[in-house]
Amino acid sequence: MLRSLCVLAVPALAITMSAPAHANHKVTESFKINSQGMNANFFGSDNCAAGSVAIFYSAVMTRTNGVKDTPLPTTFIEIDYQNICTGDAFLLSGTTDHQQATVRSDISSGTLSTTIPVSNDIGTISTTVTVSLSWRATGPLQVFKDKFRSNGGGVKFKQVTDNESRPAEATGTVTAIMPLSTGNKFTNLVFAPSVDAIIAKNLFGQVTVTRTFPN
């Protein structure tokens, strides 16, 4: 069963800082995350085989109290392949942080090229998938913005969310040497353009200002 297409998730973060016990001491804590990604689902078939492919690319940058952290971008793929001529059925998945990807600033298009080792859950079947895909936006920009503020008990809190996405179509190739029971076979796992796809970028930020008072 393929995973549902999803917009990038924003992780939760807890920050604890100590404050000296003197009057009106102010502590400012901040957290910001910028992310962008491309997702696509494919399905198709020929005379013998049917295949579904789900692919997710994500790049994230965080900044905590002014300190920047940029984890490596990652690509995840899941493949559901069945061949009625040979009797083979595979559910394979894998992840890599080595890829070449581009996303335009207006999220109107993007590209992804990579190779990903994939295997089944128990590791008895494995191969390497080569991905070469392009995304093109097919609809208008969808925007969600939200701001929240609170002030009380010596604590000021501000939270900002800014999410943008576009529906898209992904085309290209996803190929692998499939280990069929009749022998290894070079296979293009993408039979047609994506059945659904999305390009997205997200901003999430929090600032907390805490004042401490003498006992």
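The values are calculated or read from the model by the stated rules, or taken from the named source; none is laboratory data. Worth saying up front: this structure is predicted, and the values here are computed from it rather than measured. Positions of Cβ are backbone-derived with ideal geometry, glycine not excepted, and every protein chain shown enters the neighbour counts. Side chains are part of the model used for accessible areas, which takes the heavy atoms of the whole protein and leaves out ligands, DNA and RNA. Shrake-Rupley method; radii C 1.70, N 1.55, O 1.52, S 1.80 Å.
What to note about this one:
- Filtered residues of the stretch 62-104 (kept if closer than 18 Å to residue 37 by Cβ, open to solvent by 60 Å² or more (accessible area, probe 1.4 Å) and of a type in the set (Val, Ile, Thr)): 70, 95, 102
- Count - residues of the stretch 57-83 that are within 23 Å of residue 186 (Cα to Cα) and within 14 Å of the chain's Cα centre (by Cα): 4
- Check on residue 84, in contact with a Cys (Cβ under 7 Å, 6 or more places away or on another chain) and among the β-branched types (Val, Ile, Thr): yes
- Residues being crowded, with 17+ Cβ neighbours inside 10 Å and either at positive phi or at pLDDT below 90 (or both) - total across the stretch 179-205: 1
- Count of the stretch 161-178 residues which are open to solvent by 40 Å² or more (accessible area, probe 1.4 Å) and aliphatic (A, V, I, L, M): 1
- Residues that are surrounded by fewer than 16 Cβ atoms within 10 Å (Cβ to Cβ) and on the phi < 0 side of the Ramachandran plot within the stretch 120-131 comprise 120, 121, 122, 124, 125, 126, 128, 130, listed in sequence order.
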